Amino acid sequence: MFEKFSQFLIPIAGKLNNNRYLQVIRDAFMLAFPLTIFGSIVVVLTNLPFLNKFLSDEFIASFQSSFGIASQATMGIMSVFVVFGIGYYLSKSYEVEAVFGGVIALASFLILTPFMIETDAGAVTNVIPLDRLGAKGMFLGMITAFLAGEIYRRAVQKDLTIKMPAGVPPAVAKSFAALFPALITLTIFLFINVLVTQAFNTNLHDFIYDVIQAPLVGLGGGLIPTLIAVFVIQLLWFFGLHGQIIINSVMDPIWNTLALENYDKFVQGGELPNIVTKSFMDVFTVGMGGTGMTLAVIVAILVFMRSKQMKQVAKLGAGPGIFNVNEPIIFGLPIVMNPMIIVPWILAPMIVTAVTYFAFATGIVPKTTGVTVPWTVPIGISGYLATNSLMGSLLQIVNFFIVFAIWFPFLKIIDGVNIKKEKEELNKAS
């Protein structure tokens, strides 16, 4: 049964994993990763819950105001980095000059962005609303970047370029080569913006947000779609395919947008709107010992199992497992293509995801603040950083014991089988 299912699943997963556009999205978000980490660190430091115990309110307000620019210049304008990254990596995948693909995509996005803010006193012109460069502009930015990148590379590949003599410096030659493709691409987006703003009296930011982004993000932030994503991730890993890379390429734009919305509300002091975010997935699923939350499995083997084979694998996986790297367990236990393990492997993460969701939904644990927490941060620490509360750490510990309880009976069965095999091999050797 597993063999037949793998023959059906593996080709589909392979096509998703090798899809040009999904790879570009993944690489573009990774381009923004170090910047959002920096912004997240500053947000955590300026919003530590115990600051008001020994600092005055005036000092805290001044402290947050002075250092807040760090998060605004990174997380607050994340769409800028993603748009440039998509244009860059898409052009690179077509083997055309990548940096021009990036800047043309960014310029196309800015052409579609209204340089105006509506206030109670009237419209303020010649300014860019920060939310247009953050969560609210994410989907328009991605769509624009892909379209601009495709138009640019097609113009280049059709040789609509200016070729300079051999003696011209490379930087100058490349600029002239990108001139006509840039003019064509930016002119198209300029006419699109004129058409939308003049004929329909709106802008593409609001249209895309209302028609596409808001419904899609609302759907992707629900419990059922999240459980489906976790199920598929675990299933792909069971067949030896990297579930995170495949599924996150599809879901990361939604989860990152949800995280940015929480971040905007957090820095403003408002109520956090979203339960499922990128930090929700990274901290309360992967951040529990890697995919499948196998840190509890390692502890259960080391403390309660007697099989030498299992203990050796657990010892090898303990160090990396603390930092949420669990390939030694996945391939050493093994988990891949092991029918004795498929039930806890899939069931435990789904139950923990549901428990975490309801803990946030009921207010027992504060929602994630939208800060980016590296998935390699150990359990306990990552929960605190993601929620700005010790309750986040406590929830991780509760989830740890849930995984432990689900896995334990299956590990005992496997342990008994391995002990029997080890005794038989020892008897044969003697």
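For the pair LYS15 and LYS158, what calculated FRET efficiency results from E = 1/(1 + (r/R0)^6), where r is the Cβ-Cβ distance and R0 = 22 Å, to the nearest 0.05?
Calculated transfer efficiency: 0.20.
Give the shape of the range 1-138 as rounded, prolate or oblate, defined through the alpha-carbon gyration tensor: a ≥ b ≥ c are the square roots of its eigenvalues, a/c under 1.5 means rounded, and otherwise the shape is prolate if a/b is larger than b/c and oblate if not.
Verdict is oblate for the range 1-138.
Shape call for the range 160-289 from the C-alpha gyration tensor, a ≥ b ≥ c root eigenvalues: rounded (a/c under 1.5), prolate (a/b greater than b/c) or oblate?
Oblate, since a/c reaches 1.5 and b/c is not below a/b.
Show me the three semi-axes of the equivalent ellipsoid for the range 302-430, from the C-alpha gyration tensor (sqrt of 5 times each eigenvalue), largest first, rounded to whole Å.
34, 15, 11
Return P(r) of the range 306-347 (all Cα-Cα pairs; 5 Å bins starting at 0; whole %; ordered from short to long distances).
Values per bin, smallest distances first: 6, 24, 25, 26, 17, 1.
Suppose the chain between ILE413 and ILE228 were pulled fully straight at 0.36 nm per residue; how much longer would it get relative to their current alpha carbon spacing?
Contour length minus Cα-Cα distance gives 63.8 nm.
Leaving out ligands and nucleic acids, note down the accessible area per residue over the range 358-430 with a 1.4 angstrom probe, in whole Å².
Each residue of the range 358-430 exposes 51 Å² on average to a 1.4 Å probe.
Arrange the peptides 335-344, 51-60, 316-325, 362-371 so that the one whose residues have, on average, the most other Cβ atoms within 10 Å appears first.
By packing density, highest mean first, the sequence is 362-371, 316-325, 335-344, 51-60.
Please identify, among LEU112, LEU235, LEU160, the residue showing maximal mean-square fluctuation in a Gaussian network model of the chain using a 10 angstrom Cα cutoff.
Of LEU112, LEU235, LEU160, the most mobile in the Gaussian network model is LEU160.
Tell me which residues come under 5 Å, amide H to amide H, from MET116 once H is placed; ignore anything under 5 positions away on its chain.
VAL127
Please work out the ratio of the alpha-carbon Rg of the range 170-220 to 2.2 N^0.38 Å and round it to two decimals.
1.71
Name all residues of the range 174-212 having a backbone nitrogen under 15 Å from the label point set 7 Å from the Cα of MET116 along its Cα→Cβ direction, giving them as ranges.
Once the point is set 7 Å along Cα→Cβ of MET116, 193-207 turn out to lie under 15 Å by backbone N, inside the range 174-212.
Counting only heavy atoms of protein chains, what accessible area per residue, in Å², does the range 23-138 have with a probe of 1.4 Å?
For the range 23-138, the per-residue accessible area is 48 Å².
To test your reading of the geometry: what angle, between 0 and 90 degrees and rounded to tens, separates the Cα axis of helix 342-361 from the longest principal axis of the chain?
Long axis of 342-361 versus the principal axis of the chain: about 60 degrees.
Round to the nearest 10 and give me the degree value, 0 to 90, for the angle of helix 98-111's Cα axis relative to the longest principal axis of the chain.
Result, in degrees: 70.
Can you give the accessible area of LEU347, probe radius 1.4 Å, in Å² rounded to 10?
Here the accessible area works out near 80 Å².
Using a Gaussian network for the chain with springs between C-alpha atoms less than 10 Å apart, which of these wobbles most: GLU271, GLU118, GLU261?
Judging by the Gaussian network model, the answer is GLU118.
Across the range 363-378, in residue order, what do the Karplus-derived ³J(HN,Hα) couplings come to in whole Hz, using 6.51 cos²θ - 1.76 cosθ + 1.60 with θ = phi - 60° and x for Gly and Pro?
Values, residue by residue: x, 4, 10, x, 5, 5, 7, x, 5, 8, 10, x, 5, 8, 5, x Hz.
Round to a whole number: what % of the accessible area of the chain belongs to carbon and sulfur, probe 1.4 Å?
69
What's log10 of I(q)/I(0) for the range 365-430 at q = 0.12, 0.14, 0.26, 0.28 Å⁻¹, Debye sum over Cα points only, no solvent?
Computed log10 I(q)/I(0) values: -0.52, -0.58, -1.01, -1.08.
Can you sort ARG26, ARG132, ARG306 by 1.4 Å-probe accessible area, starting with the largest?
Output order, biggest surface exposure first: ARG306, ARG26, ARG132.
Considering all alpha-carbon pairs of the chain, what whole percent are spaced by more than 29 angstrom?
54
Could you name the aspartates and glutamates in cross-link range of LYS92, using Cα to Cα under 18 Å and dropping any fewer than eight places away on the same chain?
ASP27, GLU150, ASP159
Which angle between 0 and 90 degrees, to the nearest 10, do you get for helix 57-72 versus the longest principal axis of the chain when only C-alpha atoms count?
For helix 57-72, the angle is close to 80 degrees.
From the phi angles alone, apply the Karplus equation (6.51, -1.76, 1.60; θ = phi - 60°) to the range 129-139 and give each ³J(HN,Hα) in whole Hz, x where the residue is Gly or Pro.
In residue order, the calculated couplings are x, 4, 5, 5, 9, x, 5, 5, x, 4, 6 Hz.
Please list, in order along the range 17-23, the HN-Hα scalar couplings obtained from phi with the Karplus expression 6.51 cos²θ - 1.76 cosθ + 1.60 (θ = phi - 60°), rounded to whole Hz, x for Gly and Pro.
Ordered by residue, 3J(HN,Hα) equals 5, 9, 5, 4, 6, 5, 5 Hz.
The values are calculated or read from the model by the stated rules, or taken from the named source; none is laboratory data. None of the values given here were measured: they were computed from a predicted structure. Positions of Cβ are generated from backbone atoms using ideal geometry, with glycine treated the same way; all protein chains shown enter the neighbour counts. Remember, those area values only see protein heavy atoms, side chains included, never the ligands or the DNA or RNA. Shrake-Rupley method; radii C 1.70, N 1.55, O 1.52, S 1.80 Å.
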